[in-house]
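Here it is, the structure in full.
The values are calculated or read from the model by the stated rules, or taken from the named source; none is laboratory data. The structure displayed is predicted, hence computed values, not measured ones. Neighbour counts are summed over all protein chains in view; Cβ atoms, including those assigned to glycine, are modelled from backbone coordinates with ideal geometry.
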Amino acid sequence: MPSHRNFDCWVQCGDQPLEEFAVKVDRNDVVVTCWIPSETGRAFTIHWRNTFPIIDSKGDVYVDGMLMRSCNTGEGIRTCDGARFDSATIMPFIFSPIAVTDDDSALTFIPSDDFGSIKIELRLIVIEGSTPYITRERLHLDAPIHEKEKKVCGHRVLLGEGKQCPTYALRSRPWDPCNPGPYVTFRFLYRSRDYLIAQGIMPMPSYLGCRLRRARSRSEDLANVPNSKKRARIESAVKLDTESTNELIREQTMGIEYEHHEDNFQRQVVIESLSERELEEEILARQEALRRLRQRRVPTNDGPSHDATQFVKEENASVGMNKTILGHIDLTSD
């Protein structure tokens, strides 16, 4: 998890923190930015830890550029498990697909420049006591986005159904009146796992990488194999490796969500489009190698050269011993 200036911060789905990638700190040593994989339909929570022993902190939580919640806390871990607009109800954060429309007259949502991000601004404060909770106007985030405004991230955050969770507000003042601004800011840029892999931000799973390397090695070996039988076996292995790797990658892009309707669970399979840039390059390279091999001619002692695919001789043979038919006998040497 990112750690900076006595604060740790992370985003969590269920009991599992989301892995961060490409963590970096800006030149002013204040803003920490990283990437996290998002999965549609999954709720998430935001956590931070204050390791200052005697200094309180305030966390302002922004999602897609909108302020969702402000939390005052002392030393230790603070959890933000949803947006609050009053003192009694909390609405959980949920990763969701983007709905788009081309209707110019429809009420649409205009995304900000921070769309696709979760931002936590942390300030050093002194807590002075409790204060009445100020009710805010509820945000309506389920409006579609006009296709002209569609962002490349592919996902957005919506709010789930509110649940009762009473709380109270705390009154505070800046710990350093001369520097009341954010002491440290954490920015989590959320995108689909497929997007992060395609952009080289998130590494491909190791077992898929091994398959690609093995397939590449076999493709390179094809050019050095003159014997048609050996070459045929390698071509078959390369084809099988490519097909199985494709299938494994597609399995990785398949998410399963469960919706509850009147005590019945309906299984919904969501398949997101996968950018297979690296895989396509490998496949094209192997196809080109195979094309060159098929154009090659293998010379024989009997005259003109013959195509390599026609160099295997077959002969029907029935062996008289015990009148057992042995079938085809391959007369070529390996």
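Which one of Thr40, Thr33 is of a type in the set (Ser, Thr, Tyr), assigned to a loop (DSSP other than H, G, I, E, B) and under 18 Å from Tyr190 (Cβ atoms)?
Values: Thr33 fails: assigned to a loop (DSSP other than H, G, I, E, B).
Every option except Thr40 fails the conditions.
Additional query: Residues in the stretch 22-43 that are buried (at least 17 other Cβ atoms within 10 Å of the Cβ) and under 15 Å from the mean Cα position of the chain (by Cα): how many?
Qualifying residue count, the stretch 22-43: 7.
Quick check on my filter: what residues within the stretch 72-113 are hydrophobic (A, V, I, L, M, F, W, C) and free of Cβ contacts under 8 Å to residues at least 60 places away in the same chain?
Once the filter is applied, which keeps residues that are hydrophobic (A, V, I, L, M, F, W, C) and free of Cβ contacts under 8 Å to residues at least 60 places away in the same chain, the stretch 72-113 yields Ile77, Cys80, Phe85, Ile98, Ala99, Val100, Ala106, Leu107, Phe109, Ile110.
Assigned by TED's automatic domain parsing to the domain that holds Phe186 and in contact with a helix residue (DSSP H, G or I) (Cβ under 9 Å, 6 or more places away or on another chain), is that true of Ser38?
Details: assigned by TED's automatic domain parsing to the domain that holds Phe186: yes; in contact with a helix residue (DSSP H, G or I) (Cβ under 9 Å, 6 or more places away or on another chain): yes.
Against the criterion (assigned by TED's automatic domain parsing to the domain that holds Phe186 and in contact with a helix residue (DSSP H, G or I) (Cβ under 9 Å, 6 or more places away or on another chain)), Ser38 qualifies.
Here's another thing I want to ask about it. Do the conditions hold for Ser96, that is, is it assigned to a strand (DSSP E or B) and over 30 Å from Ile55 (Cβ atoms)? First the steps, then the outcome.
Working: assigned to a strand (DSSP E or B): yes; over 30 Å from Ile55 (Cβ atoms): yes.
Here the answer is yes, as Ser96 does meet what is asked.
A follow-up question, please. Please go through the stretch 74-93 and give me each residue that is surrounded by 17 or more Cβ atoms within 10 Å (Cβ to Cβ) and not in a loop (DSSP other than H, G, I, E, B), ordered by number.
Within the stretch 74-93, Arg78, Cys80, Ala83, Arg84, Thr89, Ile90, Met91, Phe93 meet the criteria.
For Ser96, state whether it is among the hydroxyl-bearing types (Ser, Thr, Tyr), over 30 Å from Cys178 (Cβ atoms) and at pLDDT below 90.
It is false that Ser96 is among the hydroxyl-bearing types (Ser, Thr, Tyr), over 30 Å from Cys178 (Cβ atoms) and at pLDDT below 90.
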